[in-house]
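Reading through the structure tokens given below for one structure.
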Amino acid sequence: MRFFEFQTPKIQKPLSPAQARIKALKDQAERAQAAVKAERARQKIQAGQMDLAKVESTHRKKSQSYKTIYKMNNPYTAWVSAGTYGDFNNALSMALRKKKAGAVAVQIVDNAKMVVYSS
């Protein structure tokens, strides 16, 4: 190591009361800006969560029937409908019965034509 690497840092003099007041106000302003930024981010997250809850609730209201479909012999045959049911548990029961009877693939599809179960 060289000599200039061992130099001690300069000793800072204590701030005068006026300088200390200005420094405190600057620090307070920085903390306030950070708090405003955090609050804006929190409000954006909350608004996004509310929008997501609204979309999910409308999707649940529309998905009141479930269609069970299956492929019996091989995966290249067409899907055959096993029925439409008012709740998921009944549709799942039929899908499992078809699977136990030898179906190659079974699916449960909701009103929006989204697959909610596949086996």
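Structural remarks
- With DNA, RNA and ligands ignored, accessible area of Lys54 (1.4 Å probe; Å², nearest 10): 130
- Proximal lysines to Lys98, defined as alpha-carbon separation beneath 22 angstrom and excluding residues fewer than eight positions away on the same chain: Lys67, Lys71, Lys113
- Over the chain: Kirkwood hydrodynamic radius from C-alpha pairwise inverse distances, Å: 20.7
- Positive end of the dipole of the chain (Cβ unit charges, origin at the Cα centre): among Thr84, Leu52, Tyr117, the Cα lying farthest that way belongs to Leu52.
- Each peptide in 109-115, 43-49 gets a packing score, the mean of other Cβ atoms within 10 Å over its residues, and the list from highest to lowest is 109-115, 43-49.
- Degrees separating the helix 88-100 axis from the principal Cα axis of the chain, which is the longest one: 60
- Residue among Ala101, Gln19, Ala38 farthest towards the positive dipole end of the chain, charges placed on Cβ: Gln19
- Across the stretch 43-49, rounded Karplus estimates of 3J(HN,Hα) from the backbone phi angles (6.51 cos²θ - 1.76 cosθ + 1.60, θ = phi - 60°) give 5, 5, 5, 5, 5, x, 5 Hz, Gly and Pro being marked x.
- Dipole size of the chain about its Cα centre, with +1 on Lys/Arg Cβ and -1 on Asp/Glu Cβ: approximately 180 debye, rounded to the nearest 20.
- Those lysines that a straight Cα-Cα span of less than 18 Å connects to Lys54, excepting residues fewer than 8 apart in one chain: Lys44, Lys62
The values are calculated or read from the model by the stated rules, or taken from the named source; none is laboratory data. Everything numeric here is computed off the predicted structure, so don't read it as measured data. Cβ: placed from backbone, ideal geometry, glycine included. Neighbour counts: every protein chain shown. Ligands, DNA and RNA are stripped out before the accessible areas are found, and what is left, the full protein with its side chains, is counted by its heavy atoms. Shrake-Rupley method; radii C 1.70, N 1.55, O 1.52, S 1.80 Å.
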